[in-house]
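Asker: Provided herewith is a single structure, encoded as structure tokens, for subsequent inquiry.
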Amino acid sequence: MPLPVSFLLLVVGFVLLMKGADIFVDGSSSLADKIGIPQIVIGLTIVAFGTSAPEAVVSITAGIKGSPDLSISNVLGSNILNVLLILGIASVIAPLSIQKNTLKYEIPFVFVITGLLLGLGIMGNKLSRVDGVIFLLFMAAFMVYLVIISKKQPDAVEETVIKKMPVWKMILFIILGGAGIVGGSQLTVNAATSIAKFFGMSERLIGLTIVAFGTSLPELVTSVVASYKHNADIAIGNIVGSNIFNILFVLGVTAVITPIAYVNDFIVDNIMAMFVMLLLFLCVIRHRKLTRLGGIIMLLCYAAYFVVFIVM
């Protein structure tokens, strides 16, 4: 398709993904609340899926359509961008405090599962269905951990705001939201693949840059707005949680549906994803806060990574 049309469809795809995810979460959360499902369960399942729905559906769609480079690079690119760019920008606006559990357990956990992705990918040159099941088991364990934490420390988990609406509207939102997510993912994958072919770029490059940025827009907007309003104490926890969800749920579900080839080029990106978590840990361990200096360091690291990646 013509290049301008590809870029237009890419933008339309991103808009459908974001709006579809919002509408789907509103409808599903309201219906779950009406049925009597506890708020904490809604927050840890439906809302968590909604924030990572763009990455999830794009990766699954890419895997099914035979574009594994776009599938894995989208997740790794989003995780790198989430920490270096989003937290970098947010902490420059206002320093970000970090909760004890996030520092002590969740950041190391992201480092471990990113290393697990690296190990499984290198050993089999792909993520098999068994690997996908392993990721989903880790995801289930993480959900149990969050439930335990929420009961011991209610303030450690953000309270879920559930919109009240009539049943017909809930069902309509779920249908429209689901259609937006699916349709948006189709447009995004097709347009991104078309752009990559036009410029002779690899799907990996497109996935690590354009698609990663587009699917991370919800996290970017949420974190920057929260930081601007000086309500940023949950920003780091949300980003870390999103990274966990991206690896364990997104790649887990994708690999179970269709095994994903893990090419050697992903090794560098995978190591970079581990490095950014180590960098985040080092930036916050002393004062339990991501300062403006830490944010500037992260933004410089992202710029350097981007330049080196383009040169390579």
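The values are calculated or read from the model by the stated rules, or taken from the named source; none is laboratory data. Bear in mind the structure is a predicted one, so any value in this text is a computation, not a measurement. Cβ placement follows ideal geometry from the backbone for every residue including glycine, while neighbour counts extend to all protein chains displayed. SASA here: full protein model, heavy atoms, side chains in, ligands and nucleic acids out. Shrake-Rupley method; radii C 1.70, N 1.55, O 1.52, S 1.80 Å.
Asker: How compact and how long is the stretch 50-122, expressed as Rg and Dmax of its alpha-carbon atoms in Å?
Answerer: 14.7, 42
Asker: Could you tell me what percent of the accessible area of the stretch 67-123 is made up of carbon and sulfur, with a 1.4 Å probe and every protein chain present?
Answerer: Roughly 73 percent of what the probe reaches on the stretch 67-123 is carbon or sulfur.
Asker: Solvent-accessible area of residue 244, probe 1.4 Å, all protein chains present, reported in Å² to the nearest ten, please.
Answerer: It works out to around 0 Å².
Asker: Place a label point 7 angstrom from the Cα of residue 288 along the Cα-to-Cβ direction, then list the residues of the stretch 138-152 whose backbone nitrogen is under 19 Å away.
Answerer: It comes to 149-152, nothing else.
Asker: Report the FRET efficiency, 1/(1 + (r/R0)^6), for residue 104 and residue 140, where r is their Cβ-Cβ distance and R0 is 22 Å, rounded to 0.05.
Answerer: Using R0 = 22 Å, I get an efficiency of 0.55.
Asker: Still on this structure, please answer the following. With the Cα gyration tensor of the stretch 95-145 giving a ≥ b ≥ c as the square roots of its eigenvalues, does the rule (a/c under 1.5 for rounded; else a/b larger than b/c for prolate; else oblate) give rounded, prolate or oblate?
Answerer: Here the stretch 95-145 falls in the oblate category.
Asker: I need the fraction of alpha carbon pairs in the stretch 75-220 separated by more than 26 Å, rounded to a whole percent.
Answerer: Tail fraction, whole percent: 48.
Asker: Determine the gain in length on full extension of the stretch residue 278-residue 122; use 0.36 nm per residue of separation and subtract their C-alpha separation, reporting nm with one decimal. Don't skip to the end; give the middle numbers.
Answerer: Details: separation 156, 0.36 × 156 = 56.16 nm, distance 2.10 nm.
My answer for the length gained is 54.1 nm.
Asker: What distance in nm separates the two pseudo spin-label positions at residue 296 and residue 257, each 7 Å out from Cα along the beta-carbon direction?
Answerer: Roughly 4.4 nm, to one decimal.
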